[in-house]
Every structure is written in structure tokens, then in C-alpha cells.
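Here's the structure, in C-alpha cells; my notes come after.
Derivation of every value follows stated rules applied to the coordinates shown; laboratory data play no part. Here the structure is a predicted model, which means the values were calculated and not measured. Virtual Cβ from ideal backbone geometry, glycine too; neighbours counted across all protein chains shown.
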Amino acid sequence: MAAIEVLLDTGPLVAYFNRRDRYHAWAVKRWESLVDPVLTCEAVISEAAFLLRDDGLDPGKLWSALERGTIRVDFDFGRQQADLIRLLRKYDDQPVSVADACLVRLSELNARSAVFTTDEDFRQYRRHGRGIIPLIAPFES
């Protein structure tokens, strides 16, 4: 049986590196149970770097995780642009970000995947129209 692909969202990434984040302990504990690499997109990396700096933290550990291959950017925005725009329009009435749409699309491209997130909006997002996206989240049992 193939291993599940973990798709990394901004929330647990920032929480892992920020000891003051309310989800820090949860993110560290969950991360320890994951198999490297976790997959993500450029939008998540951009958001995380911004939020870490905004919290007064150096994103150097994020860069190191990318260099080590613990986190792997595995998304081509240009190739997925039409599907991303479709998703952004579909969820226009919700607070969908480009990073969220990228992760929804990544989940469509990786059938055996779960999104590692702290964002409850992922309860509403669907892959391929109606498919529930499996989550690794503090609000999931």
C-alpha cells in the first residue's frame, strides 16, 4: 500500500517554528509522526516566510527544511492555472487564499493525500467537486 502524501498548509508550518503560536505543541507532535517529505506550494512558503518575519522570527529554519528536502515544493502554478482560477472562483464567497486553492488542487493531483492544516475552511473545500479532503488538523478527531 502506498504511503499517504501530506500536503502542508501555512498554519502548521508557522506553528512548528513559532513557539508562541497556539498550535505549536500540536504541530510539533504531529510533525514527528509524518514521513518526509511533506509537499506544498510556493504560496504556502511565501505566506509562512511573511508570517514568521511578521512575528519577529527568522525564516532561516524554513529555508533549511527546504534545503534538506523535509519540505518539498511540488506544484507548478503555471500548469495548474486554469484549475486554480476555477477553484478561486468556486470559493469566491469564502476566505479562500491562493495557497488554499493550490492545496486543494494538489489534493486533486494526489489521490492518497491529506492536508496538514489549522484552517477550518478546509472542511468546506472539496476536491473534484464533491470529494472530502482528508485532513490532519487540530479540530479533527
Suppose every K and R has +1 on its Cβ and every D and E has -1 on its Cβ; what is the size of the dipole of the chain about the Cα centre, in Debye to the nearest 20? 300
To the nearest 10 degrees, how steeply does helix 98-109 sit against the main Cα axis of the chain, on a 0 to 90 scale? 70
Fewest Cβ neighbours within 10 Å first, please rank LEU106, LEU13 accordingly. LEU106, LEU13
Zone residues, region 100-141, relative to ASP55, backbone N less than 14 Å from point 7 Å out along Cα-to-Cβ: 118-119
Would you mind classifying region 1-61 by shape? Square roots of the alpha carbon gyration tensor eigenvalues, ordered a ≥ b ≥ c; an a/c under 1.5 is rounded, otherwise it is prolate if a/b is larger than b/c and oblate if not. oblate
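Ranked by Cβ crowding within 10 angstrom, fewest neighbours first, how are TRP63, TRP26 ordered? Let's see the in-between values first.
Details: TRP63 13, TRP26 16.
Starting with the residue having the fewest Cβ neighbours, the order is TRP63, TRP26.
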Hey, can you rank 69-82, 90-103, 36-49 by average C-beta count inside 10 Å, highest first? 36-49, 90-103, 69-82
Estimated Rh, the chain: Kirkwood, alpha-carbon pairs, angstrom: 15.2
